[in-house]
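Worksheet: the structure to be examined is printed underneath.
Computed from the coordinates by the stated procedures, all read-outs in this text should not be read as laboratory data. Everything quoted here is computed from the prediction, not taken from an experiment. Counting neighbours? That spans all protein chains shown, and the Cβs are built from the backbone with ideal geometry, glycine included.
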Amino acid sequence: MDFGADTQAKIAKLIIDNGLVDALRVRILPPEKQNPKAWLDDGLISPQILAHAIAHEFNIPFAYLDGALIGVDILHLVSEDSANKMRAVPLAERDGKVYVALENATDTQKIDYLSNMLHKPLVVYMASPDAIGDILEQYRSDLSVVDNAVEANRAMDDEVNTEVKTIVQDSPIAKALVSLLEYSVKSRASDIHIEPEETRLLVRCRIDGVLREVMNLPKTIEGQLVARIKILAGLKIDEKRAPQDGQFSVKVGDQAIDLRIATSPVVWGEQVVIRILQKETGQIGIEKMGIVGRSLRTIRRGIDQPNGMVITSGPTGSGKSTTLYSLIQEIKSPEINIITLEDPVEYKIAGVNQIQVNPAAGLTFANGLRSILRQDPDVIMVGEIRDTETAQLAVQAALTGHLVFSTLHTNSASGILPRLLDMGIEPFLIASTLNTIIGQRLCRRVAPNAEDVVANDIETSEIRETVGWLLPPKVEDIPKFAEDLGYDGLPLKDAKEFMLRRGRDSEDTPDGYRGRTGVYEALEIDSDVQKLIVAHATASDIQKMAIAKGMITLRQDGMFKALKGITTVQEVNRVTSDQAM
């Protein structure tokens, strides 16, 4: 990008004034290097800084595209060849306009050419060369390879009994599956749903806990695609009348991925659900998961005990297993023997003995737990308490000097107590073994592109009803209270309006969200709660007692996170709709 001397001087001044370059180093450069392009060549500034400065000078909006994923349908608006030649990529299409990013958004000829080619008006952004390059890479790794698979299968009869050898080695279906997995991993999907319908094959991905339609495939490739998945998972390709389960591992980029496969017969064929599990993960910390303040202190008191039980509760997909892994990371030490019993082993943790449940080989949670108790454990993690036998063994392990971590499917922390009673555990055993119960949900995070907004009347009312009454009556006590909760800077009780954060909808930030965080409640089983348990109190009575003693509920924790701009009131309502105000 060549500009006149005056323009270069303005861009240079902008970079210097904003402290984006070392002014002392620039000052000693020779005259021929007193310009932004020379600074870029010498590594004094990054391409993104220069691009952003140029955009500012020409009053062009700048697009931060780090990690952005563009949908296949959007990428196909501009051919790969044209995108490479013009260094221009499509970002979105809304209201009859196409949003595009260019490496040189000052080039009006390119912009006019693009607009004429697309026959639509453009909304133009500037982006750094690296960011444009990353999007261009997606042309080579997106799901477009499925188009080739479709074309290759058009001439084929829709025969299910195609030779396995041909499917495995020669069919482009193999490449299509690899591309689908790559796209799903890059999109941070946790599950892939391949769902046959009467005239099409629907593919959906669960991203940040919400299913989203990825693509529609012709019905003609259903047999080959399902057969390919079955072969990799070691399933019977000729069995279509009964559900099957399997698994296999792949490497996507530098990531090792475990895939759990579940097939099931449906009206129009076989449905396949693929659960994506990353085998390698970084250290999982309790605080990184969103557990703060009172809840964090309560949980740490529970896991600091030499024995007893710490149980997490919540519906499927609420992050219970991840919480257990974070607790193990918290207490892991060369001085103690930690053994886990899981189905499946989702994350590998060095220094922890992890056992995979295998019912086909007779290794159930109950049988495995019996075996673990003979292996001199200090800490035991049971992936899930599913039946009375496992519950009784877990309680016995806690009574005999072990610290036991596990999960139960209930809607709240207090709901675990009647659930254990239903499993035949005596109230006095529950009271004497339970240390802490954690209730949790996962809600979507506000995207980085968020902006501050004033809460509307409904949001304001819900915030006040849920957490307003918790705040101390004296304004001067608010900061200390907020620090105790772990949420500094909470609004005052008499605030007339609340400022919230709301993300902008885009391909990479659907509905204005990106990523997830947890909302939690931690119920400590102290002497007062123990008395209620022994007296067969209801979950509601126990919940009221815990709240009276200072427990922050799931819904309250969510509202505090909304006030801090981590999530939104709408998202809190979505994941805690079954909870009382």
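The gain in end-to-end length when the S527 to S432 segment is fully stretched comes to 33.2 nm, 0.36 nm per residue minus the alpha carbon separation. By the rule of a C-alpha distance below 18 Å, with chain neighbours fewer than 8 residues away ignored, the aspartates and glutamates paired with K480 are D488, D494, D557. Picking from F481, I111, T7, whose Cα lies most toward the positive end of the charge dipole for the chain (charges on Cβ: Lys, Arg +1; Asp, Glu -1)? Comparing the listed Cα positions along the dipole, F481 ranks first. Among all the aspartates and glutamates, which ones have a C-alpha under 14 Å from K186's C-alpha, if same-chain residues fewer than 8 places away are not counted? Straight-distance partners of K186: D66, D134, E137, D142, D208, D254, E507, D508.
Label separation (S46 vs S371): 4.9 nm, computed from points 7 Å beyond Cα along the C-beta direction.
Suppose every Lys and Arg Cβ carries +1 and every Asp and Glu Cβ carries -1, with no other charges. What dipole size does region 1-127 come out with about its Cα centre, to the nearest 20 debye?
On the way: 12 positive and 17 negative charges, 43 e Å.
Here region 1-127 has a charge dipole of around 200 debye.
Cα-based values for the chain, radius of gyration first and Dmax second, are 28.1, 86 Å. With a cut-off of 20 Å on the backbone N, the residues of region 423-444 near the modelled label site 7 Å out from Q329 along Cα-Cβ are 438-444. In the chain, the calculated helix contribution to ellipticity at 222 nm averages -10500 deg cm²/dmol per residue, counting -39,500 (n - 2.57) for every DSSP H run with n ≥ 4.
Applying 1/(1 + (r/R0)^6) with r as the Cβ-Cβ distance of N59 and R94 and R0 = 22 angstrom yields a FRET efficiency of 0.50. Per q in 0.17, 0.22 Å⁻¹, report the Debye log10 I(q)/I(0) for region 265-348, using one uniform scatterer on each alpha carbon and no solvent. Log-scaled intensity ratios, in q order: -0.82, -1.29. Region 264-279 and region 16-91 have Cα centres lying 43 Å from one another. Can you list the lysines whose alpha carbon sits under 20 Å from that of K236, skipping same-chain ones fewer than 8 residues off? Correct list for K236: K165. Only the Cβ atoms of Lys and Arg (+1) and of Asp and Glu (-1) were treated as charged; on that basis the dipole of the chain about its Cα centre amounts to roughly 780 debye.
Dipole magnitude for region 325-408: computed about the Cα centre from +1 point charges on Lys and Arg Cβ and -1 point charges on Asp and Glu Cβ, it is near 120 debye. Working from Cα pairs under 8 Å separated by at least six residues, relative contact order for region 314-417 is 29 percent. Along the charge dipole of the chain, which of P121, I194, G319 sits closest to the positive end, that is, farthest toward it, with unit charges on the beta carbon of Lys, Arg, Asp and Glu (+1, +1, -1, -1)? Checked the options; the winner is G319. Put a dot 7 Å past the Cα of A9, heading toward its Cβ, do the same for S79, and the two dots end up 4.5 nm apart.
What pairs from K13/K97; K37/K110; K97/K219; K13/K85 go past 25 Å between their alpha carbons?
Details: K13/K97 35 Å; K37/K110 22 Å; K97/K219 32 Å; K13/K85 31 Å.
Violating the 25 Å Cα-Cα cut-off are K13/K97; K97/K219; K13/K85.
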